[in-house]
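To keep things clear, I will list the structure first and then write my remarks on it.
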Amino acid sequence: MIDRLSDPSAEWDLIVIGGGATGLGVALDAASRGLKTLLLEQSDFAKGTSSRSTKLVHGGVRYLAQGNIGLVIEALRERGILLNNAPHLVRNENFIIPNYSWWSGIFYSVGLSVYDLLAGKRSFGRSRLISRKELVRRIPNIRQAGLKSGVLYHDGQFDDARLAISLALTALEQGAVLLNYCRVTGLVKDSQIIRGVEAMDMESGQHYKLRSKTVINATGVFVDEVLIMDRPELRPMVQPSQGIHLVFDKSFLGPHDALMIPKTKDGRVLFAIPWHDRTLVGTTDTPLSAHQLEPRALEEEIRFILETAADYLTETPMRKDVLSVFAGLRPLAAPQDENQKTKEISRSHKLIVSTSGLITITGGKWTTYRQMAEDTVNKAIQVGALPNRPAQTRTLALHGYKESPEWTDPLFVYGSDAVYIKTMAKESPDWKEKLDPRLPYIAAEVVWATRYEMARTVEDVLARRTRALFLDARAAMAMAPKVAGLMATELMRDEKWEKEQVLSFLSVAKNYLVDGV
């Protein structure tokens, strides 16, 4: 794929900047329409926000409460499409709202009945009021004092980084060229109109000047960095807000049902979700003055989640129980004058076309990535006078598609690829061994990720091809030397590279420990 960049006469239909959910979705949509598509990502695919979500494919119950019916209908439709297109990565999950007053039971029952109606034929199942007794049976650790009832409803749960990799591989199969660790350093203009980008391969240092009929800015919280390349005088459009999640042993919740707290003491929504045999709890909403590729959880955020969990669980999770903590960023609309406060960019997405022709996509969420991509490519066809072919992604099965996954199989996230990894594991006696007894990952997965999923670093493997870093940071740190050794063999790297990779990973991984040690 890197060789494809070297032809100075080549012209792409679209160059997509950003390899998160939105950028990958755009690349897939464009390539599946037969458009000549290149995606460039400065780090790894889904390195930022797209690997750090609450792991929900949902319509958004809180958006319903806010009266944003249009967004809920769109998200519920897309939730159903995603389940159909990637059943190996999206599953129907039970969510329970505990009610500590009779009124809240009625209120949430009515609201979630509307949620079900809006889903129509794509409903994941009907919500219902459940008794106090049934709730305690389902989540034995729930605080029972004052508990009246619960409301059970259905939504989707998924593995965000694995879906990103599935999107990347599907886009490749459709003819796109996608490169991680290839940073866009500038925009190429002719008579003030964008005609391409300048980019640098972060591994080799090689520079490229790439021509394109359209350029898509799909960089999430980094959107201003590209906008300023286009117009340096622009005020920032985005100010980031941070959300964190804590990961605990599955015993704090149980393996089957998720808990949804619709209104915490400060008005936030909090989820506790079973995920990869762990319990995931989050999130927070903390405005920041700056953004970075590797955000760190703040002490007050950790304390907020622990204190809120203690309000609803009898066996209270403590700091010592945190297996991993991770932070992600979401974009807020930056104030345009001194008297204006920040506000959340709508989860409804927004397309902006600058006078130079730069197309910027902002807002949205994982659940609606496909619709965002379709709208963006439609706009690119208009701006760049590209061949106008209809979108194909509504019924396009994603790489790894497997209709009835075995959720108990540790390799379920690979879908139809799992059988090839199991075969690969037989090639070497060591490849079928676990990398660490605390997690299910085997050595063959490292080889697979390096050969077939564009993993270039130890962090790529332990954070996003597997989810080791997000599930148990200490176990991931212990795995690092083995992973580096396996990758070095595959990539033909030397011992110096191995050592540098381990040190680099450990430097990142310490931020996933609550006390950094």
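Couple of notes before you dig in:
- Unmet criterion (only one of (1) over 19 Å from the mean Cα position of the chain (by Cα); (2) among the acidic types (Asp, Glu); (3) within 22 Å of Ser50 (Cβ to Cβ)) for Asp249: (3)
- Of the helices (runs of 4 or more DSSP H) entirely within the range 56-170, those holding at least 3 residues that are touching a residue at least 60 places away in the same chain (Cβ under 8 Å) occupy 61-65, 69-85.
- Any hit, the range 32-47, residues being in a helix (DSSP H, G or I), touching a residue at least 60 places away in the same chain (Cβ under 8 Å) and either at negative phi or not assigned by TED's automatic domain parsing to the domain that holds Leu293 (or both): yes
- Restricted to the range 7-63, and to residues there that are modelled with pLDDT of 95 or more and of a type in the set (Phe, Trp, Tyr), the residue that is surrounded by the most Cβ atoms within 10 Å (Cβ to Cβ) is Phe45.
- Residues within the range 197-252 that are on the phi > 0 side of the Ramachandran plot and either among the aliphatic types (A, V, I, L, M) or surrounded by fewer than 23 Cβ atoms within 10 Å (Cβ to Cβ) (or both), tallied: 1
- Thr408, sole failed condition from (1) part of a loop (DSSP other than H, G, I, E, B); (2) surrounded by 15 or more Cβ atoms within 10 Å (Cβ to Cβ); (3) β-branched (Val, Ile, Thr): (2)
- Restricted to the range 151-196, and to residues there that are over 14 Å from Ile2 (Cα atoms) and among the hydroxyl-bearing types (Ser, Thr, Tyr), the residue that is surrounded by the fewest Cβ atoms within 10 Å (Cβ to Cβ) is Ser191.
- Where helices (runs of 4 or more DSSP H) sit wholly within the range 432-499, those with at least 3 residues that are of a type in the set (A, V, I, L, M, F, W, C) and surrounded by fewer than 20 Cβ atoms within 10 Å (Cβ to Cβ) occupy 473-491.
The values are calculated or read from the model by the stated rules, or taken from the named source; none is laboratory data. Given the structure is predicted, the values throughout are model-derived calculations rather than measurements. Neighbour counts are summed over all protein chains in view; Cβ atoms, including those assigned to glycine, are modelled from backbone coordinates with ideal geometry.
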